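*Asks:* Take this structure first; my questions come after.
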Amino acid sequence: MKKYRPILLAVGIGLIVLVIYPVYKWVFAPSVRIESGDTYDLYIPTGVDYTYVGETLLRDKVITRPEGFQRVSRQMNYPRHVHPGRYILRDGMSNRELVQLLRSGQQTPIQFTFVKARLPEDFALHVAERFEMSKTELMYTFNNEAFLREFGLTPKTILGIMIPNTYEMYWSKDKTSPEEFVRRMYKEYRTFWNDRREAQRAQLGLTRQEVMTIASIVEEETNRNDEKARVAGVYLNRIRKRMKLDADPTVKFAVGDFTIKRVLNVHLEIDSPYNTYKYAGVPPGPICTASIPSIDAVLANERHEFYYFCANPDGSGYHQFSKNLTEHLNYARGYHQFLDSNNIR
């Protein structure tokens with residue numbers, strides 16, 4: 001019997017290898033292969049099953065052993081625990097590690113950045129392109145007056161809480177629904193209004209939304225951050241004197257044509273609360289999402305005696321400022337000649 005022991009041992013080891021190796025290969029061996037880099041972003045939509053997940057990974061050539069993924073998924077009961085979201089897969093992950101991550105529902109947030117939008121529709125489209133929600137769903141929320149009342153907002157002021165910045169948020173609808181998106185933006189908006197900004201706002205005698213609306217006008221008037229405080233000072237001087245704002249960007253907003261190069265008399269006749277040549281006071285809401293430099297320019301505006309400004313015809317993007325109408329009309333004449341010479345109508 002002793003002489004057969006080595007043979008039996010070899011057979012036993014062989015049987016163990018035959019049983020264990022497939023398990024190792026399917027469960028523990030590296031299965032995720034990412035040719036384009038070290039990681040792969042997997043987006044799992046709401047409502048899909050694990051078959052969709054497997055087909056996606058196979059289509060993008062992320063898994064090398066689909067039969068192993070299927071076996072491990074069933075063994076770990078993944079078909080009953082498919083969670084939507086964004087998951088970062090690492091090169092060399094085993095099927096067990098892969099399924100464990102997906103089954104856990106511990107998704108990775110995205111970095112959501114926005115800079116400027118002129119209309120809620122434009123902003124909603126930008127958001128819909130980054131999250132698992134549609135433009136239609138978000139616009140419904142933006143126009144839901146009962147919901148917005150919770151934050152003291154209206155459809156006209158909703159853009160006023162959107163502070164252009166980069167935010168870490170979850171992609172899936174279960175984590176970031178349209179309503180949750182608004183709540184998050186409102187939370188960030190409240191954080192933005194720190195004690196310093198609140199003190200500056202109170203000193204101006206303006207509401208937060210009035211500050212945001214004036215800042216949106218400043219945003220549209222100039223791209224030069226070092227000039228924004230001076231432009232803001234002009235509008236605040238007009239408000240103090242109870243003058244109409246006479247802001248060209250608000251007229252373009254009222255007309256709905258942001259390509260207008262020259263605001264003409266026909267544009268000034270439009271009957272809209274955003275036409276600040278016709279109606280006094282601050283418009284009912286912002287005409288775009290105002291950048292932080294524009295908001296701070298209003299809060300820390302330059303104190304001066306200018307009541308007018310006109311684009312400088314030197315092409316610098318800066319403006320010429322005037323204390324009286326006569327001086328302003330002289331500057332405006334020069335700018336109109338510049339427009340005429342360049343055939344800008």
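Here, each number is a calculation from the coordinates, and none is a lab measurement. What you are looking at is a predicted structure, and each value in this text was computed from that prediction instead of being measured. Glycine gets a Cβ as well: all are built from the backbone with ideal geometry, and neighbour counts include every protein chain shown.
*Asks:* With +1 on each Lys and Arg Cβ and -1 on each Asp and Glu Cβ, and nothing else charged, work out how big the dipole of the chain is about its Cα centre, in Debye to the nearest 20.
*Replies:* Using Cβ point charges on Lys, Arg, Asp and Glu, the chain gives about 1300 debye.
*Asks:* Treating only the Cβ of Lys, Arg, Asp and Glu as charged (+1, +1, -1, -1), what charge dipole size does segment 110-192 show about its Cα centre? Round to the nearest 20 debye.
*Replies:* Dipole about the Cα centre, nearest 20: 240 debye.
*Asks:* How would you rank I260, I217, going from fewest to most other Cβ atoms within 10 Å of each one's own Cβ?
*Replies:* Fewest to most other Cβ atoms nearby, the residues stand as I260, I217.
*Asks:* Just to be sure I understand the rule: take each whole DSSP H helix in the chain, project its Cα atoms onto its long axis, keep it if the span is 15 Å or more and its mean Kyte-Doolittle hydropathy is at least 0.0. Which ones pass?
*Replies:* Membrane-span-like by this criterion, though nothing is claimed about a membrane: 5-23.
*Asks:* Sticking with this one: Going by the alpha-carbon gyration tensor, a ≥ b ≥ c the square roots of its eigenvalues, is the chain rounded (a/c under 1.5) or, if a/c is not under 1.5, prolate (a/b greater than b/c) versus oblate?
*Replies:* Verdict is prolate for the chain.
*Asks:* Within a 10 angstrom radius of the beta carbon, how do E67, E35 rank from fewest other beta carbons to most?
*Replies:* Ranking E67, E35 by Cβ neighbours within 10 Å, fewest first, gives E35, E67.
*Asks:* Using amide H atoms built in the peptide plane, which far-off residues or other-chain residues are under 5 Å from I110 H to H?
*Replies:* M169, Y170, W171
*Asks:* Let me ask another. Grab the eigenvalues of the alpha-carbon gyration tensor for segment 110-192, scale each by 5, take roots, and send me the semi-axes largest first in whole angstrom.
*Replies:* Semi-axes (√(5λ), whole Å): 17, 14, 13.
*Asks:* Quick one: grab the alpha carbon gyration tensor of segment 140-186, order the square roots of its eigenvalues as a ≥ b ≥ c, and give me rounded if a/c is under 1.5, else prolate or oblate depending on whether a/b is larger than b/c.
*Replies:* The shape class here is oblate.
*Asks:* So which GluC sites (Glu not before Pro) in segment 133-187 pass both tests, a DSSP loop state and at most 15 other Cβ atoms within 10 Å of the Cβ?
*Replies:* Filter output for segment 133-187: empty list.
*Asks:* Please label the shape of segment 174-292 as rounded, prolate or oblate, based on the square roots a ≥ b ≥ c of the eigenvalues of the alpha-carbon gyration tensor (a/c under 1.5 means rounded; beyond that, a/b larger than b/c means prolate, else oblate).
*Replies:* Cα axes put segment 174-292 in the oblate bin.
*Asks:* Expressed as a rounded percentage, what relative contact order does segment 40-133 have, with Cα pairs under 8 Å and six or more residues apart?
*Replies:* Once divided by the residue count of segment 40-133, the mean separation gives 30 percent.
*Asks:* Choose one answer from T154, T250, T259: the residue with the largest mean-square fluctuation in a GNM of the chain with alpha-carbon springs under 10 Å.
*Replies:* Of T154, T250, T259, the Gaussian network model singles out T259 as fluctuating most.
*Asks:* Where in segment 150-191 does the amide nitrogen come within less than 19 Å of the point 7 Å from the Cα of T113, taken along Cα to Cβ?
*Replies:* Within reach of a label on T113, which here means backbone N under 19 Å from a point 7 Å along Cα→Cβ, segment 150-191 contributes 162-171.
*Asks:* Dipole of the chain (Lys/Arg Cβ +1, Asp/Glu Cβ -1, origin at the Cα centre): which of I163, I270, A297 lies farthest to the positive side?
*Replies:* I163
*Asks:* Of the options F114, N143, F181, report the single residue whose Cα projects farthest towards the positive end of the charge dipole of the chain (beta-carbon charges: Lys, Arg +1; Asp, Glu -1).
*Replies:* F181
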